[in-house]
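Each remark here refers to the structure printed beneath this line.
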Amino acid sequence: MTRLSGGLIDRSRPLNFTFNGISYTGFEGDTLASALLANGVQLMGRSFKYHRPRGVFAAGSEEPNAMVELRTGARQEPNTRATVTELFEGLTARSQNHMGPLHRDFLAVNDLLSPFFAAGFYYKTFMWPKAFWEKLYEPAIRKAAGLGSLSMLPDPDDYDKGFLHCDLLVIGAGAAGLAAALAAGRAGAEVILADEDFALGGRLVMEGDLLDEALATGWVATVKAELESLPNVRIMTRTTVFGVYDHGIFGAVERVSDHLPTPGDKVRQTLWRITAKRTVLAAGATERHMPFADNDRPGVMLAGAMRAYANRWAASPVKRDDDAIAIFTNGDDGHRTALDLIAKGAKVLGVIDTRETAPKFGDYEVFAGATVTGTKGRLGLTSIEITRGGRSEWHSVGALGIAGGWNPNVHLASHHRGRPVWNERLLAFVPSPDGPKGLIPAGAAAGKGGTAEALEDGMAAAIKALAELEISAAEISLPKAENASAEQVAFWHVPGQKRAWVDFQNDVTVKDIALAHRENMTPVEHLKRWTTLGMATDQGKTSNVSALAVMAELTGKSIPETGTTMFRPPYTGVSLAVLGGGDSGPLFRPRRLTPTHHWAAAQGAEFVEVGPWMRAQYFPRKGEMQWRESVDREVLAVRAGVGLCDVTTLGKIDVQGPDAGEFLNRIYANMMGTLKVGKVRYGLMLREDGHAYDDGTCARMGEDHYVVTTTTANAGLVYRQMEFAHQCLWPDLDVQLISTTDAWAQIAVAGPKSRALLSRIVDDFDLSNEAFPFMSCAALTICNGLRARLFRISFSGELAYELAVPARYGHALMARLMEMGADLGVTPYGTEALAVLRIEKGHAAGAELNGQTTAQMLGLGKMVSVKKDSIGAVMSRREGLAADTRRLVGFRSADPQTQIMAGSHLFPEGAEQNMATDQGWITSACYSPHMKGYIALGLLEDGAARLGEVVVAANPLEGQAMKLEVVSAHFVDPEGGRLRD
Amino acid sequence: MLIPHPLLGLRDSQEFTYFGDASLMWRPDPEAPEAEAAFCEYVFLRDNPAGVHRELWFHEQGDRSWLVVTRDTTTHEILGAELASDVKGAAQ
Amino acid sequence: MIEPVTDLAPITALGGTVPRSEIFGALTLSENAGLALASLALRKDQEMPKPFGLPLPEVGKAVSMGGLAAFWTGRGQWMIEAAGRGETDFAAALKAEVPKACVSEQTDGWVAFDIASTQGAAPIEALMARLVNLDSTGFGPGCATRTGLEHMSVFVIRRSEDRLTVMGMRTFADALWHALAVTARRLDD
């Protein structure tokens, strides 16, 4: 055990956990990384490419090395950073990316082969033979590389989403963030304070610095209590603001129950979309390192992380208490770590400072003008080589901290192409002044990392932001604090022959950057993609700037000239599950149920998804072995007797006003304004480019009142298009539109006995052919007083009606019609029979109205009125469309029992089958119980003139070809007598 | 994005359906001698500038109004929004 | 009690013979099957009517008066509500009141779910934050708007600090109830 004194862990609450099957104990407040360190575990994983032993490197979300597979079973999660994984009772974790035990990884052979695995290796090596890539190389590489593995089981947890709005969003709850939130909260502004950590305080609780002469934890606790008491402040811990979007919109993930063994009744994570009027970015800074030979051994870590582990988690970075710790620094910050470690009773070898005139702040040895030039220790650091003035000597150490300076976390300020700006005094990039509008960086994120200046800056940023919103915020009294000395020199890496890692996660070394330079991959975006530097889960947070500095050195350019790669969301990894926000399985999208859905379900109907709708597909009866039997029976029942089908899904749009007729004349290709009250007309809409768009009926219910129906698929689109025409093209017309699709349950009553059936439920209404002929409509009452609308229209070609009632009565109406029509053989039918009936009748539907067809092709050319203008009329007459000779015709297979495939293409008999000889295609096909054989509709060149001819329908994908006879599209009652009877 | 709806104030763009170049509002005269050519241009040729653009947004999950939004396509800065029926009405 | 107009028995949008109601901690979710709805759109140059004496609300607002209420749905357009009249021809009654305007029956176009809180505004606002992208602090009593909820189009009406109505298309009733109930249950956990 290498547990130190103090810290923000609760020693009264021990927690048991396992790592690679070995049991350990930590405390509440620990992360997995701090608990492992406190148990003397340095070796936590293997590197991505060379399988080098690795230990924890950082203390936050920037961690490149210590990634584990967390949990087991369906909740197993790969690539979880041990540094942000809160310890819980029973936690199980395993190291990843090794074959065999962690301390003896068989794939470590890759490290010996490293000369072959340099940057660009894959691009160059696996090019030939080409076919080997997909079958051999890629699978093999994927197996060897990559990190953790997935459980391959469905995710058992729930996820949620939500929307928040505020005046001020404060990102980060360190010194600057707390000061900003407190100033804004006291001013009464709506404030959201978000931090990825589970505790507030940021670096305040990781440093040994004092606020008002006491540990900062006291001040943090006081501020937290006050913020919690303010109703206008929302504190969101465990919440990562991962992306900045336009106009003050932010994406954030709240890890609601990742810190619990299982979520229980809670969701696992919540995706928040936050709309903020102003934002203070107080995201702090991330420390960087200075590459040197063999700098990647377990035990080598960031000096600031070492300090954080000691102060916040009372964990020492060494395996045994008597192992010494050394610090390698290019400035004063490294000395702080030495002082804090000494204060905690750790054994410090000394500080290796690259500066010739290095200061000394306490009782420890200073190696001035020195560098670290080598390390030893296969599975954990045992000694380091310190070189000074050309002389080298080895020293025994158990851990080495590296302090290379701090990079402000400029990421979110750079999400809108805000290019960070180099600050020569700070030797770091600071946020661009032209970052996202309304976002003010503050504190360490703005390059003001001293405790006193961060507090001041956070408060000032909040006051400035609120002033822009005309909310006056007063200054708050800040605790007494100091700015620790941050003197440093530019020192980026220790030159040498051996490998010096820059990016630990992707195993990119200084040599790889040099190779990229030699191969002319010098622009940073090329460097990134050629070497993979800065990719993967850590996105190079600890390595990018060092890499730029190395490249700048090689090219002889300055760092700002070299520039950074583009910053894009997310700041840290976001799971796809939370982006889905719970929309999975049957809840993937909301479903629409027809008014007779429950009735149909009770009849045992099979349902089919039609867009969002669930529609009855067919109604199987006992003894029917397969769907065709049910469908054939339903079709024949309609042709011989009477059938019922819920057609509520068709769009219904009320069009009212004195100019309604004129408006409809402009919307429909055919004339509508002349329609008489009480009459219905079939209507065809074109797109403005002249192609057929949608069809349906238009009923004139009153002088100023029309009811338009659309196809199911286009209901929303046609309504939108009509609103466009109304508002954008002809706002001068006095007309009003509103959808009534859901308001009315509409049931098709079709078949020769439909009149007989309806006569039993209408209240005093003359249904005779004389009084209510084909294409009539009326408002009436049925079933003793219920208001209803009746339309005499037919999709099946039989005598038929559609009856609409307020939707709540649809269920009872269906049941009543079934009851009253029992002796007439009344039969409910679904979408399959509906489709067969319309194909037999030759009615165009979705497969024919597919956006590539014209009115002429569908045999509806005469409907495009030349007496008036309408949408699409002009373009429908252009040569390319008018000259198209393809026409909708019917087809019968030579052998009636051979199925015709919709989508087959049509060729002349005996012709070679290619694009040049293609004469059209089959749009719809079915088995027709009426024709006792397979039939189809399709578009055929010169189709109207070729009735009786034989053509070939080919399906080259399946190697199929069959002979078809061209016939009229009207297989049933071509004269149309039945529907007029 | 937030769309400054002229009646409802700032509304999230998720409530809207985007329709592109506002020139769609200016349907050619079908009676004009070169009507077909004018329609071809109207239907098929749209401006897609890098910079300030007047475009149509439909408040489909809102008050179902069509808006003409002036937006800088390079920065997403929105310079104004008007009801399309007002724009058309003023022009007529 | 209004006399039944027909011998057909209606069902509610959720498919029941009686409206559904369920309690989730501080929140009670109830299907309001009795609410009659009719849309009212003004003709060009029509003066602002006051149907049944009801003053029509401004942009984004709702008003109520006795059993009648109205909320703004678009420029020159409102939805008029009548409590307990879901089975009557309310559209006809409204049309008789404002004959010049365009009136459409909308009673069964929408399902209305009333949400009531026993602990003031907080549970209502927490529910809203999970479901609709509206600033609940700026959406106080008397506010009404249409917006999206789980890919569905809904009207949201803040009746009071502790009462909210969400109306969705009737055919989406099951999906909308599911969304509201799951969220309310999670708030209770």
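The values are calculated or read from the model by the stated rules, or taken from the named source; none is laboratory data. Treat the numbers as computed from the prediction; the structure is a model and nothing was measured. All Cβ positions, even for glycine, are placed from backbone atoms using ideal geometry, and neighbour counts span all protein chains on display. Remember, those area values only see protein heavy atoms, side chains included, never the ligands or the DNA or RNA. Shrake-Rupley method; radii C 1.70, N 1.55, O 1.52, S 1.80 Å.
The table below lists the values:
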quantity	calculated
Failed condition for residue B:63, given (1) over 22 Å from residue C:134 (Cα atoms); (2) crowded, with 21+ Cβ neighbours inside 10 Å	(1)
Pick from the range C:63-77, criterion within 12 Å of the chain's Cα centre (by Cα) and within 14 Å of chain B (Cβ to nearest Cβ), ranking: nearest to residue C:159 (Cα to Cα)	C:71
Subset tally (residues that are open to solvent by 50 Å² or more (accessible area, probe 1.4 Å), on the phi < 0 side of the Ramachandran plot and within 14 Å of chain C (Cβ to nearest Cβ)) for the range A:556-594	6
In the range C:142-178, residue nearest to the other protein chains (Cβ to nearest Cβ) [restricted to those that are over 19 Å from residue C:77 (Cβ atoms), aliphatic (A, V, I, L, M) and open to solvent by less than 10 Å² (accessible area, probe 1.4 Å)]	C:152
Test: residue in the range C:131-140 that is within 10 Å of another protein chain (Cβ to nearest Cβ), buried (at least 24 other Cβ atoms within 10 Å of the Cβ) and of a type in the set (Ser, Thr, Tyr)	no
Residue selected from the range C:82-94 under the condition facing chain A (nearest Cβ under 10 Å) and open to solvent by 60 Å² or more (accessible area, probe 1.4 Å), by the criterion modelled with the lowest pLDDT	C:87
Complete set of residues in the range A:870-895 that are open to solvent by less than 40 Å² (accessible area, probe 1.4 Å) and over 30 Å from residue A:973 (Cβ atoms)	A:870, A:871, A:872, A:873, A:874, A:875, A:881
All positions within the range A:262-294 that are away from chain C (no Cβ under 14 Å), touching a Lys or Arg at 6+ places or on another chain (Cβ under 8 Å) and over 25 Å from residue A:430 (Cα atoms)	A:293, A:294
Residue in the range A:824-835 that is within 14 Å of chain C (Cβ to nearest Cβ) and over 20 Å from residue A:888 (Cα atoms) present	no
Any hit, the range B:50-61, residues being more than 16 Å from the chain's Cα centre (by Cα), touching a residue at least 40 places away in the same chain (Cβ under 8 Å) and more than 10 Å from chain A (Cβ to nearest Cβ)	yes
Residue check for residue A:271: surrounded by fewer than 24 Cβ atoms within 10 Å (Cβ to Cβ), touching a residue at least 40 places away in the same chain (Cβ under 8 Å), of a type in the set (A, V, I, L, M, F, W, C) and part of a strand (DSSP E or B)	yes
Subset of the range A:853-899 (residues that are free of Cβ contacts under 8 Å to residues at least 40 places away in the same chain and under 44 Å from the mean Cα position of the chain (by Cα))	A:856, A:880, A:884, A:899
Residue list for the range C:1-44, restricted to those being assigned to a strand (DSSP E or B), within 13 Å of another protein chain (Cβ to nearest Cβ) and more than 28 Å from residue C:78 (Cβ to Cβ)	C:24
Listing of strands (runs of 3 or more DSSP E) fully contained in the range A:61-109 that carry 2 or more residues being of a type in the set (Gly, Ala, Ser)	A:91-95
Residue A:843 being open to solvent by 30 Å² or more (accessible area, probe 1.4 Å) and assigned to a loop (DSSP other than H, G, I, E, B)	yes
In the range A:731-742, residue farthest from residue C:44 (Cα to Cα) [restricted to those that are open to solvent by less than 30 Å² (accessible area, probe 1.4 Å) and more than 8 Å from chain C (Cβ to nearest Cβ)]	A:737
Candidates A:866, A:874, filtered to the one that is within 14 Å of chain B (Cβ to nearest Cβ), at negative phi and in a loop (DSSP other than H, G, I, E, B)	A:866
